[in-house]
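One structure is given here, and the rest of the page talks about it.
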Amino acid sequence: MTKPSNYPPSSGIGDEELQADFSTPVYPSVAIRVKAMVIDAALLLLMMFLLASIFSSFEYVPDTVRLLSFIFVFFLYEPLTVSLFAGTLGHLIVGIRVKSKKNKARNLPFPLAVVRFIFKTLLGWISLLTVSSKSMAIHDQVAKSLVVFYRK
C-alpha cells in the first residue's frame, strides 16, 4: 500500500510493528474516507451473499437467525469494529483509524460508535460533504471522534 502525500514519514519502526502515536495526527482526505466506505459496502454485500448462500444450504433457517444475522451485518458491524479495532475493514485497509477526540490514543467507546453510525447512516453523503479541516464529518462531531491515518 502506498502512503498518501500528506502521510507523515516513517519513524524507523519496522513494517512488522505498528506505531500508535496519535499525538500529531494526520487527517485523511474525503477521497480516502470514501474509498474506505466503498470497500466496506463491497464487504457488506459479500457478507450478505455468503449468509444467503449458507442459509440456502439448509432446509430450514428460523426467521430469528435470519433477523439477527441481518442486524449484525447492517447495524452492528461498523459500531463493533470501530469500538474494538478503531475502524472497519475498509478503514484498516486504507490505513485510517477512528479515535476518540478526547483521547486520541483510545478507540471510540461502543455507545459513541453507535451514535456515530446512526448519524452517518441518517445523513449519508451530506455528512461527508461537510468535512472540516480536521477531517471531521458531522457524524464525527456528534460522536466526538477523529479519523486519522495510522502510522506504520
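Neighbouring Cβ atoms within 10 Å as the yardstick, rank Ser29, Ser100 fewest first.
Numbers: Ser29 13, Ser100 18.
So the ranking, lowest neighbour count to highest, is Ser29, Ser100.
How would Met37, Met48 line up from fewest to most surrounding beta-carbon atoms within 10 angstrom? Before the final figure, lay out each step's value.
Values: Met37 17, Met48 14.
If I rank by nearby Cβ atoms, fewest first, I get Met48, Met37.
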Label point 7 Å beyond Cα of Leu76 along Cβ direction - residues of segment 92-128 with amide nitrogen under 15 Å: 110-111, 114
Ascending count of other beta-carbon atoms within 10 Å, so fewest first, for Ile138, Ile96, Ile71: Ile71, Ile138, Ile96
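Just so you know, all these numbers are worked out from the coordinates, no wet-lab data involved. Keep in mind the model is a prediction, meaning the values are calculated, not measured. Neighbour counts run over all protein chains shown; Cβ positions are idealised from the backbone, glycine included.
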